[in-house]
Structure formats: C-alpha cells, structure tokens
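Shown next, in structure tokens, is the structure this report addresses.
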Amino acid sequence: MAKATWEGKECDVRVDTDLEANWSVSILSGEFDPVSLIKRPAAPVIIKLRAKSRWLATEAGLRTLKAQGKISDYSLEPRPQSELDAEAEAKAKLAAKKAAGAKAAGEDEEEA
C-alpha cells in the first residue's frame with residue numbers, strides 16, 4: 001500500500017484505471033470539507049497519467065506530485081515480482097524478434 005505525506009500528514013493513495021493505460025492517482029487526506037453542509041471528504045490531490053501497470057502509475061504519479069511540490073514525501077512497496085518477470089519476458093521476446101529480423105535482412109543482402 002502506498003502512502004504520501006501531504007501538508008505534514010500521512011495520507012492514503014488511491015490508484016484507479018480509466019481505460020486501458022489511463023490512470024488516476026489520488027492523495028486522500030482523510031479530512032472532511034469544512035465548508036460543506038453535508039459531511040463529505042475534502043478534495044484530493046489528483047494526477048492523471050498513462051502507464052502499463054498500477055505499480056508504474058503509482059510510482060510515476062507520486063514522483064511527479066513530489067517534484068511539483070504538492071506532496072512532501074511518499075512511500076511505496078517494492079514492485080511485484082510478477083510484473084518484473086513479465087517485463088523481462090517481453091524484453092526477451094522483443095530482442096528475439098529483432099535478432100530474427102536482422103538475420104533475415106542479412107540473408108537478403110547476401111542474395112543481392
């Protein structure tokens with residue numbers, strides 16, 4: 001679970017997906033809106049971005065909010081091993097595809 005420090009207070013972080021790779025990272029203060037007549041949560045700090053996974057969206061969103069000065073710090077659990085394995089597998093497939101394409105291109109040049 002990710003946590004962010006906003007105005008000196010540790011807050012929860014919510015990450016929601018819109019469509020495919022669109023993500024919304026929200027910092028929730030846990031406080032209530034002081035001007036509202038009904039008891040509703042105070043407005044969160046939100047950033048929208050594109051990422052391949054929830055963890056990458058969380059990390060990029062928190063890093064960006066900290067760089068903008070909207071939060072002072074954050075903590076994030078390590079990236080899940082399943083994501084690391086999937087990324088390594090995708091890179092290996094891409095490298096194999098490129099190698100096969102380069103080999104085919106090399107054979108075409110030899111024939112010419």
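The values are calculated or read from the model by the stated rules, or taken from the named source; none is laboratory data. Keep in mind that this is a model prediction, so the values were computed, not measured. When we count neighbours, we look across all protein chains shown, and the Cβ atoms used for this are built from the backbone with ideal geometry, even at glycine. With ligands, DNA and RNA removed, areas are computed over all heavy atoms of the protein, side chains included. Shrake-Rupley method; radii C 1.70, N 1.55, O 1.52, S 1.80 Å.
Brief remarks follow.
- Residue among Glu59, Glu83, Glu89 that is modelled with pLDDT under 85 and in a helix (DSSP H, G or I): Glu83
- Residue match in segment 47-60 (condition: open to solvent by 50 Å² or more (accessible area, probe 1.4 Å) and within 23 Å of Gly8 (Cβ to Cβ)): no
- Among the residues of this structure, Ser36 counts as one that is outside any strand (DSSP E or B), open to solvent by less than 80 Å² (accessible area, probe 1.4 Å), polar (S, T, N, Q) and at pLDDT below 90.
- For Asp16, the conditions (1) open to solvent by less than 90 Å² (accessible area, probe 1.4 Å); (2) at pLDDT below 90 all hold with the exception of (2).
- Lys66 being farther than 23 Å from Trp6 by Cα, among the charged types (D, E, K, R), surrounded by 12 or more Cβ atoms within 10 Å (Cβ to Cβ) and at pLDDT 85 or above: no
- Test: residue in segment 52-61 that is small (Gly, Ala, Ser) and in contact (Cβ under 8 Å) with a residue 40 or more places away in the chain: yes
- Qualifying residues in segment 69-85 (those that are open to solvent by less than 60 Å² (accessible area, probe 1.4 Å) and hydrophobic (A, V, I, L, M, F, W, C)) - the one farthest from Glu7 (Cα to Cα): Leu76
- Single condition Tyr74 does not satisfy, out of (1) at pLDDT below 85; (2) not in a loop (DSSP other than H, G, I, E, B): (1)
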